[in-house]
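Participant: Below is a structure I'd like to ask you about.
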């Protein structure tokens with residue numbers, strides 16, 4: 001049973017990392033598109049779809065890992081990661097509507113990614 005539990009957690013980990021990669025790939029492209037003041041609808045659609053699927057993958061796999069590895073306990077680091085997830089989900093609005101904030105959003109996105117990784121690896125509190 002332990003082997004099965006570990007394998008399931010690994011699958012969730014791969015899904016989680018893939019989802020995170022999708023979010024940051026999409027936001028990087030959308031930020032650059034926004035900063036260039038491009039009206040390319042295809043890039044905007046691809047970015048929105050990729051980030052949406054990535055956000056869904058991160059959420060589903062995150063709860064899957066949590067269930068497999070920690071039970072259904074909501075530790076403070078889990079709540080912090082959910083807040084980061086919500087902020088990332090809302091960031092797309094600023095990226096698309098405030099091109100003048102592009103440079104700042106680039107670094108905010110990177111910082112949110114760092115915090116999410118830190119919380120997931122260190123699990124403080």
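Participant: List every residue pair whose Cβ atoms lie under 6 Å apart, where the two residues are 6 or more positions apart in sequence or sit on different chains, the first residue falls within segment 35-56 and is exposed (fewer than 15 other Cβ atoms within 10 Å of the Cβ), and the second residue, located anywhere, is in a helix (DSSP H, G or I).
Facilitator: Pairs that qualify, where the first residue is exposed (fewer than 15 other Cβ atoms within 10 Å of the Cβ) and the partner is in a helix (DSSP H, G or I), are 37/99.
Participant: State the number of residues belonging to segment 71-101 that are touching a residue at least 60 places away in the same chain (Cβ under 8 Å) and under 18 Å from the mean Cα position of the chain (by Cα).
Facilitator: 5
Participant: Among the candidates 91, 111, 115, single out the residue that is over 14 Å from residue 16 (Cβ atoms), surrounded by fewer than 14 Cβ atoms within 10 Å (Cβ to Cβ) and modelled with pLDDT of 95 or more.
Facilitator: The conditions single out 111.
Participant: Of the conditions (1) closer than 16 Å to residue 91 by Cα; (2) touching a residue at least 40 places away in the same chain (Cβ under 8 Å); (3) crowded, with 18+ Cβ neighbours inside 10 Å, residue 61 clears all except one; give me its number.
Facilitator: Status for residue 61: all satisfied but (1).
Participant: Assess whether residue 102 counts as being closer than 27 Å to residue 11 by Cβ, at pLDDT 95 or above and surrounded by 12 or more Cβ atoms within 10 Å (Cβ to Cβ).
Facilitator: Answer is no for this residue.
Participant: Residue 45 - would you say it is more than 15 Å from residue 119 (Cα to Cα), assigned to a helix (DSSP H, G or I) and out of contact with any strand residue (DSSP E or B) (no Cβ under 9 Å at 6 or more places or on another chain)?
Facilitator: yes
Participant: What's the number of the only condition in (1) at pLDDT 95 or above; (2) touching a helix residue (DSSP H, G or I) at 6+ places or on another chain (Cβ under 8 Å); (3) over 14 Å from residue 24 (Cβ atoms) that residue 65 fails to meet?
Facilitator: (1)
Participant: Against the definition (within 11 Å of the chain's Cα centre (by Cα), in a helix (DSSP H, G or I) and either within 20 Å of residue 22 (Cβ to Cβ) or at pLDDT 95 or above (or both)), how does residue 51 come out, yes or no?
Facilitator: Considered against the rule, which asks whether it is within 11 Å of the chain's Cα centre (by Cα), in a helix (DSSP H, G or I) and either within 20 Å of residue 22 (Cβ to Cβ) or at pLDDT 95 or above (or both), residue 51 comes out as yes.
Participant: Across segment 22-41, what is the number of residues that are out of contact with any helix residue (DSSP H, G or I) (no Cβ under 7 Å at 6 or more places or on another chain) and assigned to a helix (DSSP H, G or I)? Walk me through how you get there before you give the answer.
Facilitator: Quick first cut of segment 22-41, residues out of contact with any helix residue (DSSP H, G or I) (no Cβ under 7 Å at 6 or more places or on another chain) only: 28, 32, 36, 38-39, 41.
With the extra rule that they be assigned to a helix (DSSP H, G or I), the set shrinks to 28, 32, 41.
Number of matching residues: 3.
The values are calculated or read from the model by the stated rules, or taken from the named source; none is laboratory data. Keep in mind that this is a model prediction, so the values were computed, not measured. Methodologically, a virtual Cβ is constructed for each residue, glycine included, from the backbone with ideal geometry; neighbour enumeration extends over all protein chains shown.
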